[in-house]
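Worksheet: one structure, shown below.
All of the numbers you see were taken from the coordinates with simple rules; none came from a lab. Remember, it's a predicted structure, so these values are computed and weren't measured experimentally. Using ideal geometry, Cβ is built from the backbone for each residue, glycine included, and neighbour counts are taken over all protein chains shown.
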Amino acid sequence: MHYGDLRGHSMVPKARCATGWLNLYAGQFSDFCFCYCLAIDTHSSGFQHERFGEPHHAYNRFARMAVEGGIAWSLKRYERVDLRFYSDEKCRQEVDNFALYVPREICASICEKRKKKRGDYPEIRLAHPEVIPVTSDPSRAVPNIRQECELIQLADLLTSSIAQALTGRSGQKAKITLAEMVARWIEDTRKPPWLQTAELHRRFSVSCFPDEKGRFYNPAPAVMNRNQLALFELEEE
């Protein structure tokens, strides 16, 4: 199940399956499977392109930033946490140290932050020293990673639907349907907890970075008003 493969009407089998997955996530999985997403606007005037010599430098840095935020957001109540990192397998340049950089730097960074404010982060131990690549193709998944394969597919649906909700860049009805669903979650979780109706408080969160002043901000989901300019300047799919 790849978000990128969704085409046509929202009632075709793949689109219905994807919609079912997101409904299942919101209604059941989110009780124990939290989603913290960091959306990076590289077209913002506040994005410091000069800081990154290569594209993978920016990707790895913000991946680290997203995971650190997710740990603080969803795991701070635990005293100690064993972490194992997974990522959709993809071809990376030989000079790209993503697999080692992300776990190593996250642990080092959180260790330093705990010295200043211990209660914001749990003590971290790596259960595996590198990011483990996982196929998102069930036909290629060996039995011991089938659960991880399904989780990678769910993560793809969630993050891609969030991207579409923020940018409104696609004209595919199937993708728009998923994006509108997620956009309603985004809008709901921005309300005070006592006014939320989706029951996703502290379970689902989307942060956007940077605005023109280099800060986090909460733009309106573009998919909810497709006649206005998109948040990020991306080409139509």
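Screening the chain for whole DSSP H helices of 18 Å or more along their axis (Cα) with average Kyte-Doolittle hydropathy at least 0.0 returns 146-167. The lysines within cross-link reach of Lys14, meaning a Cα-to-Cα straight distance under 27 Å and a gap of 8 or more places when in the same chain, are Lys90, Lys173, Lys175.
The modelled label-to-label distance for the pair Ser45/Asp120, using points 7 Å beyond Cα in the direction of Cβ, is 2.9 nm. Separation of the range 1-70 and the range 177-220, taken as the distance between their Cα centroids, equals 13 angstrom.
A cut-off under 9 angstrom between Cβ atoms defines the neighbours of Ala127, and their net charge, with Lys, Arg +1 and Asp, Glu -1, is +1. Any lysines with Cα under 30 Å of the Lys115 Cα? List them, leaving off those in the same chain fewer than 8 positions away. Within reach: Lys76, Lys213.
The calculated FRET efficiency for the pair Ala72 and Phe32, based on their C-beta separation and a Förster distance of 22 Å, comes to about 0.75.
With the crude spin-label approximation of a point 7 Å out along Cα→Cβ, what separation in nm comes out for Arg190 versus Arg16? Label at Arg190, label at Arg16, 3.3 nm between them.
Roughly how many debye, to the nearest 20, is the charge dipole of the chain about its Cα centre, given +1 on each Lys and Arg Cβ, -1 on each Asp and Glu Cβ, and no other charges?
Here the size comes out at about 780 debye.
Toward the positive end of the charge dipole of the chain, with +1 on the Cβ of Lys and Arg and -1 on the Cβ of Asp and Glu, the farthest Cα among Ser30, Leu158, Val131 is that of Ser30. Each peptide among 67-75, 54-62 gets the average number of other Cβ atoms lying within 10 Å of its residues, and from highest to lowest they stand as 67-75, 54-62. Apply 1/(1 + (r/R0)^6) to the Cβ-Cβ distance of Asp5 and Val81, taking R0 = 30 Å, and write down the FRET efficiency to the nearest 0.05. Efficiency, from the Cβ-Cβ distance: 0.30. What residues of the range 17-52 lie in the reach of a label at Gln93, counting those whose backbone N is under 20 Å from a point 7 Å from the Cα along Cα→Cβ? From the range 17-52, the list is 42-43, 48-52.
Going by a ≥ b ≥ c, the root eigenvalues of the Cα gyration tensor, does the chain fall in the rounded group (a/c under 1.5), the prolate group (a/b larger than b/c) or the oblate group?
On the way: a/c = 1.34, a/b = 1.23, b/c = 1.09.
Taking the square roots of the gyration eigenvalues as a ≥ b ≥ c, the chain is rounded.
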